[in-house]
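The values are calculated or read from the model by the stated rules, or taken from the named source; none is laboratory data. Not measured: the values here are computed from a predicted model. Glycine also receives a Cβ, built like all others from the backbone with ideal geometry; neighbour counts cover every protein chain displayed.
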Amino acid sequence: MTKIDIVLPEKIFAGTRATLEKEFAPHFLAEAADREALIAQIAPRVRAIARGNHIAIDRALIDRFPNLEIISVFGVGYDGVDVAYARERGLVVTNTPDVLNEEVADYTIGLLVMTARELLRAERYLRDGSWARLGQFAPVPGSLRDRTVGMVGLGRIGLAIARRLEAMRIPVVYHARHARAGVAYRYYASLLEMAADVDTLIVAVPGGAATRHLVDAEILAALGRRGLVINIGRGSAIDEEALIRALETHALQGAGLDVFATEPAIDPRFLALDNVVLLPHSGSASQVTHGAMGQLLVDNLKSWFSSGRPLTPVPETPWPRV
């Protein structure tokens, strides 16, 4: 049987690549000696795009493939996909929710502890010989014992984080567009009011115009000098100019960032700060979880082409058909 042609605009997890090569006829644009020539050659045959969750899938790229049916995204975030235009074209867009919730929540707690307790600085103190030379590492000002965490966003990942914080006996409140049914945590309709009442924000919202600079200078000022900001959502959700200024002037105690507005080329001013933990957008990056995400990406494609049904369509996608 002839395999269905699909396009991958960027690199993807090796295990997922192997599965795609077994099930489909994939074309890797990032590896093409002449990208435009490859697109021109395969465009009429391509029925799917498999996206690795970083490169933009915009109108211009979508229009290169006249027989495109589905865009399957590796990851829960899909703000780089022009879903409005995909819907206009009648295309299905899928992502990989749920299979990464627990992994990202574990990682977020690790980032929070690293930031509050300055664990990177403590490790450097040991590695550079300071412990042996100067004596015990001095107590740090940060602790989780006297904090209240305000969750910015309480979706699947946010709930998984909140459960862990609750088990750690850290009070949790949250801000979202709407109160969530069946949740006991206190809800704030105003992010500014929540920031004034807590000392720690964990940002777990998707990207896009609706959340751009949601955490701005006013929110950071309300958080105060003991404030910690953890971002595992999207870099665009925080006004990085305001955040850098607050960290440079110690208007905040610290920040832990896994995502950035211009990643992977982050603002170099972050690198000069000693009160921020910087990680390379790797919240889900374990082999186990990337394997599960990749399998769901593949399963969405297989389900679509075998039965005409996507497994995990994003809310904006035209499904079910009307």
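Data table
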quantity	calculated
Thr96 vs. criteria crowded, with 18+ Cβ neighbours inside 10 Å, among the polar types (S, T, N, Q) and either in contact with a His (Cβ under 9 Å, 6 or more places away or on another chain) or part of a helix (DSSP H, G or I) (or both)	no
Flag if Asp258 is surrounded by fewer than 17 Cβ atoms within 10 Å (Cβ to Cβ), assigned by TED's automatic domain parsing to the domain that holds Leu201, over 21 Å from Ala50 (Cα atoms) and in contact with a helix residue (DSSP H, G or I) (Cβ under 8 Å, 6 or more places away or on another chain)	no
Selection count where residues are within 30 Å of Gly90 (Cα to Cα) and either surrounded by fewer than 17 Cβ atoms within 10 Å (Cβ to Cβ) or of a type in the set (Phe, Trp, Tyr) (or both), scope the range 268-291	1
Residue satisfying all of: in the range 147-182; free of Cβ contacts under 8 Å to residues at least 12 places away in the same chain and under 18 Å from Asn101 (Cα atoms); surrounded by the most Cβ atoms within 10 Å (Cβ to Cβ) among these	Glu166
Subset tally (residues that are of a type outside the set (A, V, I, L, M, F, W, C) and touching a helix residue (DSSP H, G or I) at 6+ places or on another chain (Cβ under 8 Å)) for the range 34-57	2
Cross-chain or 6+ apart pairs with Cβ under 6 Å, the range 29-52 first and in the same structural domain as Ile12 (by TED's automatic domain parsing) and of a type in the set (D, E, K, R), then surrounded by 13 or more Cβ atoms within 10 Å (Cβ to Cβ) and in a helix (DSSP H, G or I)	Arg35/Leu29
Segments classed as strands (runs of 3 or more DSSP E), wholly inside the range 209-322, with at least 2 members that are touching a Ser or Thr at 6+ places or on another chain (Cβ under 6 Å) and modelled with pLDDT of 95 or more	254-257
Residue ID - farthest from Ser282 (Cα to Cα), chosen from residues in the range 220-238 that are among the aliphatic types (A, V, I, L, M) and surrounded by 23 or more Cβ atoms within 10 Å (Cβ to Cβ)	Leu223
Residue within the range 48-59 that is modelled with pLDDT of 95 or more and out of contact with any Asp or Glu (no Cβ under 9 Å at 6 or more places or on another chain) present	yes
Residue selected from the range 33-47 under the condition surrounded by 12 or more Cβ atoms within 10 Å (Cβ to Cβ) and among the charged types (D, E, K, R), by the criterion modelled with the lowest pLDDT	Arg35
Residue match in the range 9-32 (condition: surrounded by fewer than 15 Cβ atoms within 10 Å (Cβ to Cβ), at pLDDT 95 or above, part of a loop (DSSP other than H, G, I, E, B) and not small (Gly, Ala, Ser))	no
Number of positions in the range 183-214 that are among the β-branched types (Val, Ile, Thr), surrounded by fewer than 18 Cβ atoms within 10 Å (Cβ to Cβ) and out of contact with any Phe, Trp or Tyr (no Cβ under 9 Å at 6 or more places or on another chain)	0
Filter result (assigned to a loop (DSSP other than H, G, I, E, B) and either closer than 18 Å to Ile219 by Cβ or of a type in the set (Lys, Arg) (or both)) within the range 161-191	Arg169, Ala176, Arg177, Arg180, Ala189, Ser190
